[in-house]
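Working notes for the structure below.
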Amino acid sequence: MAVKNGLMIGVVHRDPSGEERLYRLLRDMKPTLITLEISPYALAFRQENSRRLVAELERLVPPEQRNHGEIQAIYEMLKIPFEVRAAARLEQAMPVRFECIDDSEFSRRFLAKVESEIIISENLSTLLGSPDVALEQRIDVYYRRFHELRKREPVHASEFGFSSAELAEMAHRDDQMERRIRELRQDHRWVHVGGVAHLISVDGAMLLWDRFRNEDMQRLFLDEA
């Protein structure tokens, strides 16, 4: 099935099974352009630092504790995102290109905390002391939550689970992504892949879905594929 007017795919980041599922869906949609809610800086940071940071994580976490759900989430955070891996595989198989369009400055601020706040003994000890919930189970819970929110759109900001500052940051990023998408998507069969939170209609905010939903746009969460 080829995408026509545009498809927006909502994903939960760091999903261990996301790459294969997304690859199959994109292959079936046959886009010529894929935009990804990943910034150029975030991709470059992982390409340059992933191996070193994984080694530091493994220095601090004994082998018998590395399967803890919180530690697995950090492993996934340090990898090249599954969205990029799936899009890059598709680029090798058919005439399509992908573009990373999120805000690099936002990524720079977040990733600056990886070594100073996340991969440090104190934080890892705290995480390992928390209940061990498998990462796959956490991903499923997150998907279910956003399926419920989607049924009640537009949802009130208080139901959304983000602070007013976080919501404002999301709207700012989505404004930039919208501009970039509109520059890129002309004459393309276009698919966007981004976090499910950006593809929900929220009262008082203009997130990415609300910026495109009146353009005969399709929306799909990855766990539905």
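Every number in this text was worked out from the coordinates using simple rules, so none of it is lab data. Note that this is a predicted model, so its numbers are computed, not measured. Counting neighbours? That spans all protein chains shown, and the Cβs are built from the backbone with ideal geometry, glycine included.
Values as computed for the structure displayed
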{"quantity": "Number of the exception - Phe106 against (1) surrounded by 13 or more Cβ atoms within 10 Å (Cβ to Cβ); (2) over 21 Å from the mean Cα position of the chain (by Cα); (3) of a type outside the set (A, V, I, L, M)", "calculated": "(2)"}
{"quantity": "Residue list for the stretch 176-225, filter: under 20 Å from Arg85 (Cβ atoms) and either among the charged types (D, E, K, R) or assigned to a loop (DSSP other than H, G, I, E, B) (or both)", "calculated": "Asp223, Ala225"}
{"quantity": "Subset tally (residues that are without any contact (Cβ under 8 Å) to a residue 24 or more places away in the chain and closer than 19 Å to Phe98 by Cβ) for the stretch 174-225", "calculated": "5"}
{"quantity": "Top-ranked residue of the stretch 127-140 - restricted to ones that are part of a helix (DSSP H, G or I) and surrounded by 11 or more Cβ atoms within 10 Å (Cβ to Cβ), ranked as farthest from the chain's Cα centre (by Cα)", "calculated": "Leu128"}
